[in-house]
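**Student:** Quick one: this structure, given as structure tokens, is what I'll be asking you about.
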Amino acid sequence: MTERKHKSGFVNIVGNPNVGKSTLMNRLVGERISIITSKAQTTRHRIMGIVNTDDMQIVYSDTPGVLQPNYKLQQSMLNFSQSALGDADVLLYVTDVVETIDKNEAFLKKVQAVDCPVLLLINKIDQSTQEDLEKLVAHWKELLPQAEILPISALNNFNIEYIRQRVETLMPESPPYFEKDALTDKPARFFVTEIIREKVLLYYQKEIPYSVEVIVELFKEEEDLIRIKSLIVVERDSQKGIIIGHKGAALKKVGAMARKDIERFFGKKVFLEMFVKVEKDWRNRDNLLRSYGYQLD
């Protein structure tokens, strides 16, 4: 009997904001690795989720939604998305039945030029009719003739198993890139910042969430407890007031929501301290963006 060769590869998920990339990523990886809220622009970094079997390692990568950058933070987010086109073994280009096809032609041109297999996933098909979906498929066939086009519903788990199987088939032979017990390339404190930021996105309205960065200053794991000290960075004093709320009530509420999710994520009791700090115009300051982990080059 011949021994099965090991397969490994990078599967990069790209597309415009709010088409369901993070939901798809979580379905494929089976861990709640990408932040999901109803607001656009929630993923700011490139986040890897790793699926291991005895003879395969698939490294999924969720990227920020592609948009025309208005400030340096968004330029960094676009850099993450564009880098995903260059190092993919398989590209999952996610669109949906709602967005206009020509929403981001410049990025689409780059997708047309990639030389790896492309699966074009039309998400949210439960919001469309069969007739409209067929028209959409025909239109995408013209734009991306080399792509395999698949209608999906990430939310309802429709066609996700088939995508999984296609990805496995397309993986090249290669030794694993990461340790076989790894779930992600990100450290534990990264997920703490993502969970806190998600709660800020859910709890506060308007521009507040987009002006917020979360930093974990202390992450100390003890036998039966994790001690965490985190900092919520905002751009203006008025935003600091809103985050804290009357007599600290808003910050307390967000802290309680975040702590519950962090405890669930790590399976341990958590002692969470949260503070708020103003860093004027941090989204346009190179030194701060770099220190927060964004790539600017």
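**Student:** Pick from Lys240, Lys252: which is of a type outside the set (A, V, I, L, M), modelled with pLDDT of 95 or more, more than 17 Å from Pro187 (Cβ to Cβ) and open to solvent by 60 Å² or more (accessible area, probe 1.4 Å)?
**Tutor:** Selected residue: Lys252, the only one of Lys240, Lys252 that is of a type outside the set (A, V, I, L, M), modelled with pLDDT of 95 or more, more than 17 Å from Pro187 (Cβ to Cβ) and open to solvent by 60 Å² or more (accessible area, probe 1.4 Å).
**Student:** Please determine, by comparing only the residues of region 181-232 that are assigned to a helix (DSSP H, G or I) and among the basic types (Lys, Arg), which one is surrounded by the most Cβ atoms within 10 Å (Cβ to Cβ).
**Tutor:** Step one: filter region 181-232 for residues assigned to a helix (DSSP H, G or I), giving 188-203, 208-211.
Okay, now just the ones that are also among the basic types (Lys, Arg), so 189, 197, 199.
Numbers: Arg189: 16, Arg197: 20, Lys199: 23.
Among those that are assigned to a helix (DSSP H, G or I) and among the basic types (Lys, Arg), it is Lys199.
**Student:** If the Cβ limit is 9 Å and pairs must be 6+ apart or interchain, which residue in region 3-14 that is open to solvent by 10 Å² or more (accessible area, probe 1.4 Å) pairs with which residue that is of a type in the set (Gly, Ala, Ser) and modelled with pLDDT under 90?
**Tutor:** If the second residue must be of a type in the set (Gly, Ala, Ser) and modelled with pLDDT under 90, the pairs left are Phe10/Ser61; Phe10/Ala84; Phe10/Ala88.
**Student:** Taking into account only those residues within region 115-154 that are in contact with a helix residue (DSSP H, G or I) (Cβ under 6 Å, 6 or more places away or on another chain) and in a loop (DSSP other than H, G, I, E, B), which is least open to solvent (accessible area, probe 1.4 Å)?
**Tutor:** Ala154
**Student:** Can you name the residue in region 242-297 that is aromatic (Phe, Trp, Tyr) and assigned to a helix (DSSP H, G or I) and, of all such residues, is farthest from Leu201 (Cα to Cα)?
**Tutor:** From region 242-297, those aromatic (Phe, Trp, Tyr) are 265-266, 271, 275, 282, 292, 294; that's our starting set.
Subset that is assigned to a helix (DSSP H, G or I): 265-266, 282.
Numbers: Phe265: 19, Phe266: 21, Trp282: 18 Å.
It comes out as Phe266.
The values are calculated or read from the model by the stated rules, or taken from the named source; none is laboratory data. Bear in mind the structure is a predicted one, so any value in this text is a computation, not a measurement. Counting neighbours? That spans all protein chains shown, and the Cβs are built from the backbone with ideal geometry, glycine included. Only protein heavy atoms, including side chains, enter the accessible area calculation; ligands, DNA and RNA are left aside. Shrake-Rupley method; radii C 1.70, N 1.55, O 1.52, S 1.80 Å.
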